[in-house]
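Chemist: Have a look at this one.
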Amino acid sequence: MGWWFGRILTFEIEADETTPTVGLVLNDASGSSISSDNSETVLGFAAYGSSVQDAIAPLVENYCVELFDDGTVLRGPASVAALSVAETDLGNSVDDRPGARIEREQSPAQSVPSALRLTYYDPDRDYQTGEARAVAGEQSGREAQMQLPAVVSASAAKSLAQTRLARMWAARDTLTMRLPPRFLDLEPGSRLSLSANPLLWRVDKVTNDGFVIVAELRPVSDPMVSIAADPGRVVASPDVKLTGFTMALIDIPSLTGSATNDPTVLLAATSAASGWRRSPVELSIGGQIIVTQTAPFKSVLGHAVNALAESSSELIDEASSLDVQLVDSDQWLTSCDDDGLFAGMNLAALGGELLQFARATPLGAGRFRLSRFLRGRGGTEWACTGHTGGEVFCMLSSASLQALTVPRSGIGASLTALTDTAECSITFGGENVRPLSPVSLNGETSLAGDLALSWTRRSRVGFAWVDGIDAPLGEATEQYRVVISNGAASAEYQSHEPSLTIGAADLAGFGSGEIIVAVQQVGDFAASRPTTFAIVI
């Protein structure tokens, strides 16, 4: 195992003795650059972002903290008492020309959201993310989404969302007033009491125009009373011990027909326990170590109880049956009709053979009897014989299998997968980069005694038979190895096309009788398994 297996990173967290207030969090997060007396409390706050401003902005916005720069720190208004503005204080100007007493503007309703969603961390749901929603009456329009990376109760979050939405709607109104010099100490955040509706306004911006104080005001929205809210149910994440953890390495052709030149093996893993989590795995091949992890989902993995009988890959196998035992008895195998079978359903690996099954009969306790097969799928007809009991059985699904790239130098070497509780090994053959064996091998002898051989190639990057075109080559060059033999002699030939003529002189050494002809396609990284047939010369 790697050196990091079994090592646990630990750290210590010291909590505050008392529940922090919003003002205290802002002061601490800003390095004392913010001075706020906001006394509302949060159970926790995650201050993160590319800057201090980004980190504290959600807290300032959602708790409606009023801050302005006084040249030293960002602070709230010095006084919360409202100043009264009389009718005689309005309409001042720097010259003798009369000015407007009040300028009032209102932005359209479409400029503010009709609903607000606020996400937060809920302590009643094991600190998982919760969401509070506020709606502005029967208004229809856009919906805003805001985030509060703080730990608050569901009721507090609901109240914050309602208050925030009410403040956004109240801010549609803007008043501009020109006040006399007695308002020189007016600052942003100050409250003014007017005879207008509403009565209480907040100074948003203030400028001095020749001792005429130009103040831009927004309505003050009263904070909402506490609103009861239900946090909902927690999505439990129980710690489940993985019992009966089992792995298998699946070395099969690439069923996607992709033109990859990277040798690939599939890692299957499952457990007898009901839960599942990804586990670290260490692969060893040819002295190299590859660190990876299992697939996101549990594989449907088991073993054959009996040996599957030999059968042809050209017809539906109605005679054979196979009993399989799954590792996880809660997993299930289902039947399919012929349309589903021909569409590629129920594809599985049994040893080196790829097969499909149409019938799955449950026998109880994770055991199934499979029948009505399509055998030797994906060019694995060579593996239709020689099955034994105990072979690995695995359903092929991309979500439950982890594809791992293996070094090209590892083809032919032993490949081992290892965890702290399981181990499995295979001799890696690089089946996904191996050409498929040729088909339709035929031979004829001429009157002159020559032997004319021909065959049809298949391609690892094109399983489908497409009318009107040949199968794609899938290799850098086209090359074949032809071996003829009998009990006494053998000879090897090379060909760069799917045919070969062997002269009578070369055949003379074999005498008369039966000879065996074997043809392999030689690929970039491996040779196909041989296709053989016998002919009498």
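The values are calculated or read from the model by the stated rules, or taken from the named source; none is laboratory data. Nothing here was measured: the structure is a model prediction, and the numbers come from that model. We place every Cβ from the backbone using ideal geometry, glycine too, and count neighbours over all the protein chains shown. Surface areas here come from the heavy atoms of the whole protein model, side chains and all, with no ligands, DNA or RNA. Shrake-Rupley method; radii C 1.70, N 1.55, O 1.52, S 1.80 Å.
Chemist: Quickly estimate the mean residue ellipticity at 222 nm for the chain, helices only: each DSSP H run with n ≥ 4 gives -39500 (n - 2.57), and the total goes over all residues, rounded to 500.
Modeler: Result for the chain: -2500 deg cm²/dmol, rounded to the nearest 500.
Chemist: Another question about this same structure. Give the carbon-plus-sulfur fraction of the accessible surface of the chain in %, rounded to a whole number; probe 1.4 Å, heavy atoms of protein chains only.
Modeler: Carbon and sulfur together cover 50 percent of it.
Chemist: Moving to a separate point now. Of Ser321, Trp332, Thr294, whose Cα points farthest to the positive end of the dipole of the stretch 289-339 (charges on the beta-carbon: +1 Lys, Arg; -1 Asp, Glu; origin at the Cα centre)?
Modeler: In the stretch 289-339, that residue is Thr294.
Chemist: Only four residue types carry charge here, +1 at the Cβ of Lys and Arg and -1 at the Cβ of Asp and Glu. Report the dipole size of the chain about the Cα centre in Debye, rounded to the nearest 20.
Modeler: 520 debye
Chemist: Right, something else. What Kirkwood Rh does the stretch 408-508 have if only Cα atoms enter the pairwise 1/r average? Answer in Å.
Modeler: Its Kirkwood hydrodynamic radius stands at 17.0 Å.
Chemist: Which whole-Hz couplings ³J(HN,Hα) result when phi for each residue of the stretch 413-419 is put into the Karplus expression 6.51 cos²θ - 1.76 cosθ + 1.60, θ = phi - 60°, listed in order with x for Gly and Pro?
Modeler: Result, rounded to whole Hz: 9, 7, 10, 10, 10, 9, 10.
Chemist: Give me the 1.4 Å probe accessible area per residue for the chain, excluding ligands and nucleic acids, in Å².
Modeler: 52 Å²
Chemist: In Å and from the alpha-carbon atoms only, list the Rg and Dmax of the stretch 480-528.
Modeler: 11.9, 37
Chemist: Find out how many positive minus negative residues lie around Ile535, taking Lys and Arg as positive, Asp and Glu as negative, among other residues whose Cβ is under 14 Å from that of Ile535.
Modeler: Value of the local net charge: -3.
Chemist: For the stretch 306-346, what size does the Cα cloud have along each of its three principal axes, sorted from largest down, in whole Å?
Modeler: Result for the stretch 306-346: principal-axis Cα extents of 33, 26, 12 Å.
Chemist: Which residues make up the longest stretch of the chain clear of trypsin sites (Lys or Arg not before Pro) that lie in a DSSP loop with no more than 15 other Cβ atoms within 10 Å, not counting the sites?
Modeler: Looking at the chain, 279-537 is the longest stretch - no exposed trypsin sites (Lys or Arg not before Pro) with at most 15 other Cβ atoms within 10 Å.
Chemist: Which label marks the calculated value of percent of Cα pairs over 37 Å apart, given the options [x] 24; [y] 42; [z] 59?
Modeler: From the options [x] 24; [y] 42; [z] 59, the structure gives [z].
Chemist: Could you give me the ³J(HN,Hα) list for the stretch 203-209, computed from phi with Karplus coefficients 6.51, -1.76, 1.60 and θ = phi - 60°, whole Hz, x at Gly and Pro?
Modeler: Karplus values, whole Hz, x for Gly and Pro: 6, 9, 8, 9, 9, 10, 10.
Chemist: Here's a follow-up. What are the residues whose amide H is under 5 Å from the amide H of Ser321, where those residues sit 5 or more places off or on another chain and H is modelled from the backbone?
Modeler: Amide H neighbours of Ser321, under 5 Å, 5+ apart: Ala309.
Chemist: Could you compute the net charge surrounding Gln356? Neighbours are other residues with a C-beta less than 15 Å from the C-beta of Gln356; K and R count +1, D and E count -1.
Modeler: Summing Lys and Arg as +1 and Asp and Glu as -1 gives -4.
Chemist: Per-residue HN-Hα couplings for the stretch 425-439, Karplus 6.51 cos²θ - 1.76 cosθ + 1.60 at θ = phi - 60°, whole Hz, x for Gly and Pro?
Modeler: Using θ = phi - 60°, the values come out as 9, 9, 8, 7, x, x, 4, 6, 10, 8, x, 7, 5, x, 10 Hz.
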